[in-house]
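Worksheet: the structure to be examined is printed underneath.
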Amino acid sequence: MKLNKFLIPVIASGMLLTVSCEKENFPTEQEAEAAVTNDQVSFVPNEVLVKFRSGEEFGTKAKANALSLIGGVVVETISTSAMKSANKDEVLLVSSKLSTQEAIARLKGLPEVEYAEPNFIYNHHATSNDPSYTNGTLWGMYGDGTSPTNQYGSQAGEAWTAGNTGSNTVFIGIIDEGYMFNHEDLAANAGTNPGEIAGNGVDDDNNGYVDDVNGWDFDGNDSSVFDGVDDDHGTHVAGTIGGVGNNGKGIAGVAWNVKLMSGKFLGLRGGTTANAIKAVDYFTDLKQRHGINLVATSNSWGGGGFSQGLFDAIERANQAGILFIAAAGNDTNNNDANLSYPGSYTNSNIIAVASITNTGGLSSFSNFGATTVDIGAPGSGIYSSVPVRSKGKTLSGYATYSGTSMATPHVSGGAALYAASHPGATSAEIKNAIMTSAVPTASLNGKCVTGGRLNVSGF
Ligand SMILES: [Ca+2]
Ligand SMILES: [Ca+2]
Ligand SMILES: [Ca+2]
Ligand SMILES: [Ca+2]
């Protein structure tokens with residue numbers, strides 16, 4: 001049977017327009033940018049800290065009038081022990097309908113206001129300086145605390161700020177097309193087979209594959225896992241998992257530090273079950289043979305019907321402690337009623353991933369299933385790395401794609417982050433962490449096991 005990638009090529013260009021249109025609906029976007037830029041003064045948009053003067057002439061009514069001037073609501077009354085012992089009045093954290101600057105301008109000068117100021121953000125210096133993160137394009141990396149206009153991302157930005165940017169001892173296998181391992185934003189995270197010497201024509205680690213340094217091409221049956229611009233889908237997936245973070249270039253993956261390897265089995269005409277089984281087993285063997293910390297394979301593909309052979313291969317990976325993270329598919333199908341493989345296999349190491357949009361909706365194309373799909377993740381309008389062709393050369397580029405293919409690598413990157421901060425975690429523990437930290441999301445309620453979306457902020 002033939003297996004295909006879960007990319008939505010037609011929607012991809014349309015989503016570019018959708019994203020840029022939606023951006024114009026958010027006048028506070030520049031504030032959002034400021035909030036995630038660590039080397040500039042930044043603050044929480046639409047919030048002000050206000051301290052009112054004491055005294056009878058500034059009573060409750062005057063204070064209420066002041067707040068009404070800015071469409072303000074008190075979010076928190078800050079009244080610490082230190083304030084009380086100094087006989088100082090409380091400070092109010094106020095949410096305003098106005099921008100922070102406008103709210104402060106209106107409050108300043110009122111007789112009852114002692115001060116009004118921004119609610120500044122102090123960041124760890126690990127915040128990404130990658131252009132497409134700082135300008136808000138990478139919505140899948142943001143989340144509740146990192147940007148008020150990008151609420152539905154994976155919250156990877158919070159994990160980075162907390163100091164978890166991954167580890168170069170954690171491996172993820174990409175079972176897909178090949179990927180551009182020499183891409184400017186991937187090369188530092190390109191993993192290699194520790195038992196193989198490149199280019200000597202010898203199968204040094206005796207795994208059946210000669211010179212399999214970056215992985216193996218099961219479609220072409222050769223050692224070149226990157227064969228040009230047609231490996232764009234695999235390269236896009238790779239960037240979302242492990243685009244190099246904080247290098248001032250391009251994108252940032254969920255895991256800034258990780259080792260990626262390729263089990264290329266999708267070619268121009270798709271892939272086969274036979275090659276899928278070989279690719280799955282390749283990583284199982286690689287982990288067992290060399291003892292590397294290979295925590296998951298990322299599988300943005302599917303098709304065909306039930307295959308016991310593929311089920312068994314996935315189960316071998318399970319026994320080796322490797323998660324199998326799989327796209328739910330792009331047919332707007334209820335997978336509970338019409339099983340979609342490989343996501344719908346019953347192996348306990350599978351995490352099947354649906355796609356959500358940057359406004360929190362289930363993507364129009366995304367499959368779902370209350371019992372056969374596990375979690376939602378960003379998959380519409382995802383910007384990541386691709387190879388591009390220019391003047392006869394293959395160069396590093398970037399593009400926006402959509403699909404459950406794009407949602408899946410967000411989860412794979414999350415698995416890498418968790419494994420980095422929890423050395424020795426089992427695949428069951430990693431899966432449990434991903435499932436239990438999901439944020440309940442209305443569009444996913446009853447549509448997947450967790451009823452929620454990916455949240456790696458605590459990883
Ligand atoms: Ca070999
Ligand atoms: Ca060799
Ligand atoms: Ca090849
Ligand atoms: Ca980068």
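The values are calculated or read from the model by the stated rules, or taken from the named source; none is laboratory data. These figures come from a predicted structure and were not determined experimentally. Here the Cβ is made from the backbone with ideal geometry for all residues, glycine too, and neighbour counts use every protein chain on show.
Structural remarks
- When ALA162, ALA188 are screened for being over 24 Å from ILE322 (Cα atoms) and either surrounded by fewer than 24 Cβ atoms within 10 Å (Cβ to Cβ) or of a type in the set (A, V, I, L, M) (or both), only ALA162 passes.
- The range 134-165, residues that are touching a helix residue (DSSP H, G or I) at 6+ places or on another chain (Cβ under 7 Å), of a type in the set (Val, Ile, Thr) and assigned to a loop (DSSP other than H, G, I, E, B): THR146, THR149
- Criterion violated by SER224 - all others in (1) out of contact with any strand residue (DSSP E or B) (no Cβ under 8 Å at 6 or more places or on another chain); (2) within 16 Å of ligand 2 (Cβ to nearest atom) satisfied: (1)
- Criterion: touching a strand residue (DSSP E or B) at 6+ places or on another chain (Cβ under 9 Å), over 23 Å from ALA276 (Cβ atoms) and not in a loop (DSSP other than H, G, I, E, B) - qualifying residue of ASN168, ASN182: ASN168
- Criterion violated by SER385 - all others in (1) in a loop (DSSP other than H, G, I, E, B); (2) more than 13 Å from the chain's Cα centre (by Cα) satisfied: (1)
- Against the test of being more than 16 Å from ligand 2 (Cβ to nearest atom), β-branched (Val, Ile, Thr), under 20 Å from VAL237 (Cα atoms) and at pLDDT below 95, the options THR137, THR169, THR127 yield a single qualifying residue, THR137.
- Selection count, the range 162-216, where residues are among the acidic types (Asp, Glu), within 22 Å of ASN299 (Cα to Cα) and within 16 Å of ligand 4 (Cβ to nearest atom): 1
- Considering GLY245, GLY271, the condition of being at pLDDT below 95, outside any helix (DSSP H, G or I) and either touching an Asp or Glu at 6+ places or on another chain (Cβ under 7 Å) or of a type in the set (Val, Ile, Thr) (or both) is satisfied by GLY271 alone.
- Output for the range 192-238, where each listed residue is part of a loop (DSSP other than H, G, I, E, B) and of a type in the set (Gly, Ala, Ser): GLY195, ALA198, GLY199, GLY201, GLY208, GLY220, SER223, SER224, GLY228
- The residue pairs whose first member lies in the range 67-90 and is within 18 Å of SER54 (Cα to Cα), whose second member is modelled with pLDDT under 80 and part of a loop (DSSP other than H, G, I, E, B), and whose beta carbons are closer than 6 Å, counting only pairs six or more residues apart or on different chains, are GLU90/SER79.
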